[in-house]
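The structure under discussion appears below in the form of structure tokens.
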Amino acid sequence: MPGKSISELTVFTNGDSGKVSTWSNIPYFFTETLIARGIKINRVDLSASVFSEKVFYRVLRLFKSEGKYDYFRSFIHFTDVKRRIKKAIRLYPNSQVNILLTFSFTSAGLTKKPTILFCDWTFEHSLNYFLHRAPNFFERQAIRREKKQIERSDLVISLFPGVAKEMKNRYKNKNIHYLGNVINSLQTVSGPEVIGAKILSNNLLFVGSVLYREGATSLIQAFEKVRQNFPQMILHIIGMKSSDFDHLPAGVFCHGYLDKGKEADRELYYKLFREARLFINTTPKWGAFSATIEAMYFYTPVLISPYDEFLETFGSDIDFGSYCEQNTPDRIAGKISGILTHPDYESLCLNSHKAVSDFTWDAYIDKLISTIKI
């Protein structure tokens, strides 16, 4: 029968799904939206202990292993997680479905109840797409284990359309789907109010950790050029500290990581989103997708690189900002100036919000429940 009769689920995450700060807020919104539907959620944290990780890294250094292989990808952790999944199955006998917010583990083979895997991309994809290299010996073992987990599971869901297509082509399991993406916002927004603030604002906004330093560095250099014609402009950077850069010109403010679970951080985070005249992240290959669509929800025009998943989601011709094909200061500065002087800036704001208006957690959970079979 369809999954509309679901009353109890067990959700496994790498971290505490009750905390907003876990994995870009996704486990929190995922579980809280289900709970709001009257579904009982059993939360199971699969994260490793700090002690286990420290011991593992000391041993790994003896093998002089480099790359993305860590304790989370190790066979030791894999075995421990399987033990914890078995324990959860016994602990929650009335749970109708197991949902794991990862592609690295499954409950398939341990129970006859359906197993769903939900994640962004595979470990192999992260190596191929982001690092452009073949896996080393240890990484290959982790990839093989992950492949088995994906192929044995009843339903697999990726947050990105391109990744879902790639997985369908690669794995024997063809019950792999893309159901859309989601906005992880703790606040709602009023169009007229926020657009009015943006029109009067001088704030540019960049969001990204040190992984996005390439884009941030180019933007800072571009910002110096923009200030020659727009001396009143200010650049706010969320996710990095001043010490992450060799040089910061006047008008650049770094706020570091802002934890939405902390009231002061949360208020500052959303104040910056509400007042941002333009959201910018032109890092090649990936421009902080989650933060970008959250900015769009706040009626913010965007300037980003045309990376694959954004193109798959929104197309090559966008009416809510601009793509920046070259992550160079001159190119970025020119694009920023073009948006700041756009003859119908308000339409960019309205189009930005409209483009993600269907990306609600309520809509996403509706699609998920209708896909689940029990």
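The values are calculated or read from the model by the stated rules, or taken from the named source; none is laboratory data. This structure is a prediction, so every number in the text was calculated from the model and none was measured. Reconstructed Cβ throughout: ideal geometry from the backbone, glycine too, with neighbour counts over all protein chains shown. For the accessible areas, the whole protein counts, side chains as well, though only heavy atoms, and no ligand, DNA or RNA atoms are used. Shrake-Rupley method; radii C 1.70, N 1.55, O 1.52, S 1.80 Å.
With the checklist (1) open to solvent by 10 Å² or more (accessible area, probe 1.4 Å); (2) in a helix (DSSP H, G or I); (3) under 24 Å from PHE30 (Cα atoms); (4) not basic (Lys, Arg) in hand, flag the one item GLU124 doesn't pass.
The one condition GLU124 does not meet is (3).
In contact with a helix residue (DSSP H, G or I) (Cβ under 8 Å, 6 or more places away or on another chain), within 21 Å of PHE359 (Cβ to Cβ) and open to solvent by less than 20 Å² (accessible area, probe 1.4 Å), is that true of ASN184?
On the way: in contact with a helix residue (DSSP H, G or I) (Cβ under 8 Å, 6 or more places away or on another chain): yes; within 21 Å of PHE359 (Cβ to Cβ): yes; open to solvent by less than 20 Å² (accessible area, probe 1.4 Å): yes.
Criteria met by ASN184.
Since SER104 meets every condition but one in (1) farther than 19 Å from THR31 by Cα; (2) touching a residue at least 12 places away in the same chain (Cβ under 8 Å); (3) in a helix (DSSP H, G or I); (4) open to solvent by 10 Å² or more (accessible area, probe 1.4 Å), which condition does it not meet?
(3)
Which of the residues that make up the range 351-368 are over 29 Å from TYR323 (Cα atoms) and either polar (S, T, N, Q) or buried (at least 18 other Cβ atoms within 10 Å of the Cβ) (or both)? Break it down stepwise before answering.
The initial filter retains those residues of the range 351-368 that are over 29 Å from TYR323 (Cα atoms), namely 362, 365-368.
Hits for the range 351-368 are ILE365, LEU368.
Going by the conditions given, is LYS64 open to solvent by 70 Å² or more (accessible area, probe 1.4 Å) and either part of a helix (DSSP H, G or I) or at pLDDT 95 or above (or both)? It would help to see each step written out before you state the result.
Values: open to solvent by 70 Å² or more (accessible area, probe 1.4 Å): yes; either part of a helix (DSSP H, G or I) or at pLDDT 95 or above (or both): no.
Criteria not met by LYS64.
Going through the range 67-101 one residue at a time, which ones are touching a residue at least 24 places away in the same chain (Cβ under 8 Å), assigned to a loop (DSSP other than H, G, I, E, B) and closer than 21 Å to LYS40 by Cβ?
TYR92, ASN94, SER95, GLN96, LEU101
Do you know which residues across the range 243-265 are part of a helix (DSSP H, G or I) and in contact (Cβ under 8 Å) with a residue 12 or more places away in the chain?
Narrowing the range 243-265 to residues part of a helix (DSSP H, G or I): 243-244, 263-265.
Scanning the range 243-265 gives a single hit, ASP244.
Among the helices (runs of 4 or more DSSP H) confined wholly to the range 128-242, which include 3 or more residues that are of a type in the set (S, T, N, Q) and out of contact with any Ser or Thr (no Cβ under 8 Å at 6 or more places or on another chain)? Give the steps one after another, and end with the answer.
Working: elements: 137-152, 161-170, 191-200, 213-229.
Per the criteria, 213-229.
Is one or more of the residues making up the range 129-149 under 30 Å from LEU350 (Cα atoms) and out of contact with any helix residue (DSSP H, G or I) (no Cβ under 6 Å at 6 or more places or on another chain)? Break it down into steps so the answer makes sense when it comes.
At the first step, the residues of the range 129-149 found to be under 30 Å from LEU350 (Cα atoms) are none.
Scanning the range 129-149 turns up no residue that is under 30 Å from LEU350 (Cα atoms) and out of contact with any helix residue (DSSP H, G or I) (no Cβ under 6 Å at 6 or more places or on another chain).
Specify which of the listed residues (LEU348, LEU268, LEU303) is open to solvent by 30 Å² or more (accessible area, probe 1.4 Å) and not in a loop (DSSP other than H, G, I, E, B).
On the way: LEU348 fails: open to solvent by 30 Å² or more (accessible area, probe 1.4 Å); LEU303 fails: open to solvent by 30 Å² or more (accessible area, probe 1.4 Å).
None of the other options fit; the residue is LEU268.
Would you mind stating whether GLY15 is within 30 Å of GLU139 (Cβ to Cβ), in contact with a Phe, Trp or Tyr (Cβ under 9 Å, 6 or more places away or on another chain), at pLDDT 95 or above and in a loop (DSSP other than H, G, I, E, B)? Explain how you work it out, then say what you get.
Details: within 30 Å of GLU139 (Cβ to Cβ): yes; in contact with a Phe, Trp or Tyr (Cβ under 9 Å, 6 or more places away or on another chain): yes; at pLDDT 95 or above: yes; in a loop (DSSP other than H, G, I, E, B): yes.
Taking the combined requirement at face value, the residue satisfies it.
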